[in-house]
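Trainee: Can you keep this structure in mind? I'll have questions shortly.
The values are calculated or read from the model by the stated rules, or taken from the named source; none is laboratory data. Every value quoted in this text rests on a predicted model; they were computed, and no experiment measured them. Heads up, the Cβs are rebuilt from the backbone with ideal geometry, glycines too, and the neighbour counts pull from every protein chain shown.
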């Protein structure tokens, strides 16, 4: 088991009916932009889609809450939000800290 001091933002998206595929594709493209553009304080992201509903979960790790909030205030985030808001019925997010990580690798 290992633990660290980074912060995880978990966001659960509910896509509008028939819009999950489009949302998944746009969000996946945005994750590539994170990597290509070197978002300050960003560590990693994982993007999961439901196999039996219209939900998807984004799990993003930043060095701190401040780094995440700084990214949310940038123009790039506003532009991205405008690209996906018509696809989303709702979203719920929150900050979490890692308690333990157990891998079978």
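Trainee: Among the candidates 45, 101, which residue alone is more than 19 Å from residue 18 (Cβ to Cβ) and exposed (fewer than 12 other Cβ atoms within 10 Å of the Cβ)?
Mentor: Just one listed residue meets the conditions, 101.
Trainee: Hey, residue 48 hits all of (1) touching a residue at least 12 places away in the same chain (Cβ under 8 Å); (2) outside any helix (DSSP H, G or I) but one; which does it fall short on?
Mentor: (1)
Trainee: Now, a different point. Could you figure out which of (1) farther than 20 Å from residue 96 by Cα; (2) without any contact (Cβ under 8 Å) to a residue 12 or more places away in the chain; (3) not in a loop (DSSP other than H, G, I, E, B) isn't true of residue 23?
Mentor: Every condition holds for residue 23 apart from (2).
Trainee: Here's a follow-up. Could you pull out the residue among 5, 11, 82, 33 that is assigned to a loop (DSSP other than H, G, I, E, B) and either modelled with pLDDT under 90 or surrounded by 14 or more Cβ atoms within 10 Å (Cβ to Cβ) (or both)?
Mentor: Going through 5, 11, 82, 33 in turn, just one is assigned to a loop (DSSP other than H, G, I, E, B) and either modelled with pLDDT under 90 or surrounded by 14 or more Cβ atoms within 10 Å (Cβ to Cβ) (or both): 5.
Trainee: Follow-up. Exactly one condition in (1) exposed (fewer than 13 other Cβ atoms within 10 Å of the Cβ); (2) in contact (Cβ under 8 Å) with a residue 24 or more places away in the chain; (3) farther than 23 Å from residue 5 by Cα is not met by residue 55; state its number.
Mentor: (1)
Trainee: Only one of 67, 77 is touching a residue at least 12 places away in the same chain (Cβ under 8 Å) and not in a strand (DSSP E or B); which?
Mentor: 67
Here is a yes/no grid of residues against (1) touching a helix residue (DSSP H, G or I) at 6+ places or on another chain (Cβ under 7 Å); (2) closer than 12 Å to residue 8 by Cα:
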position	(1), (2)
39	yes, no
49	yes, no
52	no, no
62	yes, yes
76	no, no
79	no, no
82	no, no
85	no, no
90	no, no
